[in-house]
């Protein structure tokens, strides 16, 4: 849990303790110090130490004189003297005798402390301070744009405004020295404040910006780490880590600081493990070293052409190496292999019963397969029905179509069995060149009503309301049209027969 005003920017209210930034129990501020003398009673003639440690944004801490003997507690906001005049607002990080020890640690003499504490921050001071902090984000982006227009090889990572808005400190990172004189002129014209440029390293930049590491916790450099030690790849080699820069590097692009945390423990454990292990000469041949478990002190070896690895204790490996130096061969390592217990697999027992079957990962696939099979079956049935309807609709006189034995046209003298009326004779339609054209199975009801029964002239029975002479003429015209269509479809040159 880190304070918002320290690592991530924004207000001073921590998210965890909900004490509005004045928490004295620890954990609210970046790199704070625990006052282990706070519960001790001081002598009656004790004079409190006049110097107080004040913490500002980021990891900046400075010492100030408390000449007025103002009673201060850790976490309180105070108004202090600015570095170049004016005033600034910061948090009290340490008071009392621990400040004297802290000054010795930083090699700061009492005479070097000249700036003093004005007062506890009032509401007006806090409002000005919050307004100044609200301008930092916009100012940083404008400064980045100005540096980009001047084509300067630098990255402005953070801006720190003084509480009275008279000075701003720009923190930047660069590979080398940068001539930013022109940049300062343009920024002074646009911002109308005093400007200070300060170059920091990659680790300091990550500590100021903050973030979440690969371990899932907030970065150490933005929470509690006060100094940065050099980290080398030897630390990864001692811990048997893969030398992959993507895994070993942090958000700053450098090697992770946490590689040094367990290094001393590994170095102590490596004292019992032999260095520079070569192939062991045994009666079964040369055994090659594969891997080492540092804390269990077990080493694995394998023979040439054998895929099985043989675990041997590190103490026994030292003895075999001494025998090989004396010109003796060791017995087969398989006889001295350490038996490692197999890991016990604990079966998980669930306190619920799967009734609906929602735990199945393939339940959606099974449903989609069933739907696809149903759609395939329906398509096959539709195709069969269409083919059957096409065969029934092909006229008997067409040469290209297959004859249909089930249905034949009725003669004019025959009547339909159901209705008693003469059945309409099927009129063949022109077919496509490549084959019969697909047709609709269900005729429209309007067409059925518009059609009138047509009867051949050969019969004695005529349609109701139609004279025999008119029906003869219609039959002749229909025959001519049908013959012309057949000849056009078949590509024949025969002319229609004369009536």
Using the structure shown, decide if residue 235 is within 30 Å of residue 210 (Cα to Cα), surrounded by 12 or more Cβ atoms within 10 Å (Cβ to Cβ) and touching a residue at least 12 places away in the same chain (Cβ under 8 Å). yes
Give me a count of the residues in the range 130-152 that are within 27 Å of residue 180 (Cβ to Cβ) and in contact (Cβ under 8 Å) with a residue 40 or more places away in the chain. 7
Could you check how many residues of the range 183-207 are in contact (Cβ under 8 Å) with a residue 60 or more places away in the chain and either touching a helix residue (DSSP H, G or I) at 6+ places or on another chain (Cβ under 7 Å) or over 22 Å from residue 168 (Cβ atoms) (or both)? 1
Got a sec? Which helices (runs of 4 or more DSSP H) wholly within the range 79-188 have at least 2 residues that are under 24 Å from residue 227 (Cα atoms)? 97-105
Would you pick out the residues in the range 61-82 that are under 46 Å from the mean Cα position of the chain (by Cα) and without any contact (Cβ under 8 Å) to a residue 40 or more places away in the chain? 61, 80
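Could you check, for the range 208-220, whether at least one of its residues is assigned to a helix (DSSP H, G or I), touching a residue at least 60 places away in the same chain (Cβ under 8 Å) and under 27 Å from residue 144 (Cβ atoms)? Working first, answer last.
Pass one, the range 208-220, residues assigned to a helix (DSSP H, G or I): 208-209, 220.
Right, trim to touching a residue at least 60 places away in the same chain (Cβ under 8 Å) and you get 208-209.
Going one step further and asking which of them are under 27 Å from residue 144 (Cβ atoms), we end up with 208-209.
The answer is yes, given that some residue of the range 208-220 is assigned to a helix (DSSP H, G or I), touching a residue at least 60 places away in the same chain (Cβ under 8 Å) and under 27 Å from residue 144 (Cβ atoms).
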Restricting to the range 297-312, give me the number of residues that are assigned to a loop (DSSP other than H, G, I, E, B) and either at pLDDT 90 or above or at positive phi (or both). 3
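The values are calculated or read from the model by the stated rules, or taken from the named source; none is laboratory data. Note that the structure is a prediction, hence the values are computed from the model and not measured. Positions of Cβ are backbone-derived with ideal geometry, glycine not excepted, and every protein chain shown enters the neighbour counts.
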